[in-house]
Amino acid sequence: MISHELRQLLRTSPFRPFRLHLADGRHIDIPHPEFVFVLHKEPMAIFEHEDGRTEWINLPIVTSVEALPGSHAA
């Protein structure tokens, strides 16, 4: 995945939650666009988990995107 693709998913209106599957077998759920900050000059994003933890993800390790049930207004 590249930064531009992630930004498009985050800007979809109305926003639809999604899951990023990573090459190491983990996944990250994105329940709302404000949980993610996408860097402009690097293929990286910072994710804030619902419990407050933050995680840096190298976007090229995203192997697939899955739509999640439910929706939240952006």
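The numbers here are math on the coordinates, done by the rules we state, and not lab data. As the structure is a computational prediction, the values presented were derived from the model and not from experiment. With ideal geometry, Cβ positions are generated from the backbone for all residues, glycine too; neighbour counts draw on all protein chains shown.
Residue-wise test of (1) touching a strand residue (DSSP E or B) at 6+ places or on another chain (Cβ under 7 Å); (2) among the acidic types (Asp, Glu); (3) on the phi > 0 side of the Ramachandran plot; (4) not in a strand (DSSP E or B).
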residue	(1), (2), (3), (4)
His4	no, no, no, yes
Leu10	yes, no, no, yes
Asp24	no, yes, no, yes
Ile28	yes, no, no, no
Ile46	yes, no, no, no
Glu55	yes, yes, no, no
Ser64	yes, no, no, no
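Scanning the range 19-39 for residues that are over 12 Å from Leu6 (Cβ atoms) and either exposed (fewer than 12 other Cβ atoms within 10 Å of the Cβ) or touching a residue at least 40 places away in the same chain (Cβ under 8 Å) (or both) gives Arg19, His21, Leu22, Ala23, Asp24, Gly25, Arg26, Pro31, His32.
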